[in-house]
Amino acid sequence: MRELTIEELTRYSRHLILPEVGLEGQMRLKGGRVLVIGAGGLGSPVLLYLAAAGVGTLGIVDFDLVDETNLQRQIIHGTRDLLRPKVASARDRINEINPHVEVVTYSSRLDSETALNIIGDFDVVVDGTDNYVTRYLVNDACVLLGKPNVYGSIFRFEGQASVFNYKGSACYRCLYPSPPPPGLVPSCSEAGVLGILPGIIGCIQANEAVKILLNDGDTLAGRLLFFDAWKLKFRELKLQKDKACPICGEHPTITKLIDYEEFCGLHNKNSDVPVESITAVELKDIIDNSPETLEIIDIREPHEIAMGMLPRSKAIPFGQVVRRKNELDPNLLNVFICKIGTRSEQAIRDLKESGFDGRLLNLKDGTNAWARDIGEGIVIY
């Protein structure tokens, strides 16, 4: 183990006087290597507290740039970091907190080709991702490599946390054998999230990572913790290892990383159906010059529509589009819109598959593009 310097002895003095940590434990933390996947809402508090705690090496995987909408909850980034890579912003903030921490950054998307090599260099993995594709990828890589996986997830006012694949405990697939159908669970960018919630769940994840490095304390292995921030209630579910789990069970059928987009249904049956798109500028031109040829269908949820609507638009939530297709006029140009253009694109594919033969266009990049390029009636959110 690496010795602590005089400066570090002072910095970590409140740890050193804890019998459960002490000098030996602090040296364990200094020798520890933790990989945090995602430098967003969950990853921010994880990285801040693990750096402050003196974890010697922190790895960060994130391919995104800092956006203004991130700043409501992603506290490792600041206004001055807008449009910077998140890994660079996070690295600089960690260095400010604790220059004794080595930061290793991976400014790329984690995938089946890179996951094993990256994860293999670390002792503990903290999953701060927000999508099922990466969660299953991280889980499977951790099981194959024998690495503990500290899990967290958030949605609106509710969060979950657990520790998977630690000392024989259940893995993520034991809890969720298969992902939900694509589009059923909206992302935080679509459904919203209380900014404080990821801070609470992320702190719980950091706490679990520290206990694993110290090899002490009762972790969340074998338990799933639920937290409701709005009602301020915790509850807990016991997790049993699934003997029939395809990757950690008695007779595993998954022995290598797979195509996780296909597993999560993103290569769906109508994904090859072509969808014609229109830009916000082009749509504005039609609204101004020939509005009688046009109908705009806003498929966002009611709480999103409260952020503003485009002129001449009609609200039909995504889940009702096919059922209410008789409300669409096939003789008009029907333009479908959502926040970023993905749900509206899928709605058009579903309508085509259902037999609707009118002309359907998707607003490219959604209402955010309208707010950016036109700026009338709606804001970026």
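Residue check: G366 meets all listed conditions (1) touching a Pro at 6+ places or on another chain (Cβ under 9 Å); (2) on the phi > 0 side of the Ramachandran plot; (3) surrounded by 18 or more Cβ atoms within 10 Å (Cβ to Cβ) but one, namely (1). The set of residues in the stretch 333-373 being assigned to a strand (DSSP E or B), more than 24 Å from the chain's Cα centre (by Cα) and of a type in the set (A, V, I, L, M) consists of L333, V335, L360, L361, L363.
Of the residues that make up the stretch 317-325, is at least one of a type in the set (A, V, I, L, M, F, W, C), surrounded by 20 or more Cβ atoms within 10 Å (Cβ to Cβ), touching a residue at least 12 places away in the same chain (Cβ under 8 Å) and not in a helix (DSSP H, G or I)? Yes; the residues of the stretch 317-325 include at least one that is of a type in the set (A, V, I, L, M, F, W, C), surrounded by 20 or more Cβ atoms within 10 Å (Cβ to Cβ), touching a residue at least 12 places away in the same chain (Cβ under 8 Å) and not in a helix (DSSP H, G or I).
Filtering the stretch 159-166 for residues that are surrounded by fewer than 20 Cβ atoms within 10 Å (Cβ to Cβ), touching a strand residue (DSSP E or B) at 6+ places or on another chain (Cβ under 9 Å), in contact (Cβ under 8 Å) with a residue 24 or more places away in the chain and outside the structural domain of I305 (by TED's automatic domain parsing) leaves a non-empty set.
Residues in the stretch 156-181 that are aliphatic (A, V, I, L, M), outside any loop (DSSP other than H, G, I, E, B) and within 13 Å of A244 (Cα to Cα): 1 in all.
Quick grid of which residues meet (1) within 23 Å of D373 (Cβ to Cβ); (2) touching a helix residue (DSSP H, G or I) at 6+ places or on another chain (Cβ under 6 Å); (3) in contact (Cβ under 8 Å) with a residue 60 or more places away in the chain:
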site: K284; (1), (2), (3): yes, no, yes
site: N289; (1), (2), (3): yes, no, no
site: I299; (1), (2), (3): yes, yes, no
site: A306; (1), (2), (3): yes, no, no
site: D329; (1), (2), (3): no, no, no
site: D350; (1), (2), (3): no, no, yes
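Give me the residue from the stretch 1-41 that is basic (K, R) and part of a helix (DSSP H, G or I) and, out of that set, surrounded by the fewest Cβ atoms within 10 Å (Cβ to Cβ). Filtering the stretch 1-41 for residues that are basic (K, R) and part of a helix (DSSP H, G or I), the one surrounded by the fewest Cβ atoms within 10 Å (Cβ to Cβ) comes out as R14. Hey, does the stretch 74-84 have a residue that's in the same structural domain as N149 (by TED's automatic domain parsing), touching a helix residue (DSSP H, G or I) at 6+ places or on another chain (Cβ under 8 Å), over 23 Å from P148 (Cα atoms) and of a type in the set (G, A, S)? Looking for residues that are in the same structural domain as N149 (by TED's automatic domain parsing), touching a helix residue (DSSP H, G or I) at 6+ places or on another chain (Cβ under 8 Å), over 23 Å from P148 (Cα atoms) and of a type in the set (G, A, S), one finds at least one in the stretch 74-84, hence yes.
Taking residues in the stretch 196-211 that are buried (at least 20 other Cβ atoms within 10 Å of the Cβ), and partners anywhere that are modelled with pLDDT under 95 and part of a helix (DSSP H, G or I), the pairs with Cβ atoms closer than 9 Å and at least 6 places apart or on different chains are P198/C188.
If the condition is being modelled with pLDDT of 80 or more and in contact with a strand residue (DSSP E or B) (Cβ under 9 Å, 6 or more places away or on another chain), then the stretch 292-307 contributes T293, L294, E295, I296, I297, D298, I299, R300, I305.
If only one of I247, I258 is over 30 Å from F157 (Cα atoms) and either surrounded by 16 or more Cβ atoms within 10 Å (Cβ to Cβ) or of a type in the set (D, E, K, R) (or both), which one is it?
Values: I258 fails: either surrounded by 16 or more Cβ atoms within 10 Å (Cβ to Cβ) or of a type in the set (D, E, K, R) (or both).
Just a single option satisfies the conditions, and that option is I247.
In the stretch 129-143, is there at least one residue being surrounded by 21 or more Cβ atoms within 10 Å (Cβ to Cβ) and part of a strand (DSSP E or B)? No, every residue in the stretch 129-143 fails to be surrounded by 21 or more Cβ atoms within 10 Å (Cβ to Cβ) and part of a strand (DSSP E or B). For the stretch 318-340, state whether one or more residues are over 26 Å from V193 (Cα atoms) and among the small types (G, A, S). Within the stretch 318-340 (the criterion being over 26 Å from V193 (Cα atoms) and among the small types (G, A, S)), the answer is no, since none of the residues qualifies.
The values are calculated or read from the model by the stated rules, or taken from the named source; none is laboratory data. Note that the structure is a prediction, hence the values are computed from the model and not measured. Positions of Cβ are backbone-derived with ideal geometry, glycine not excepted, and every protein chain shown enters the neighbour counts.
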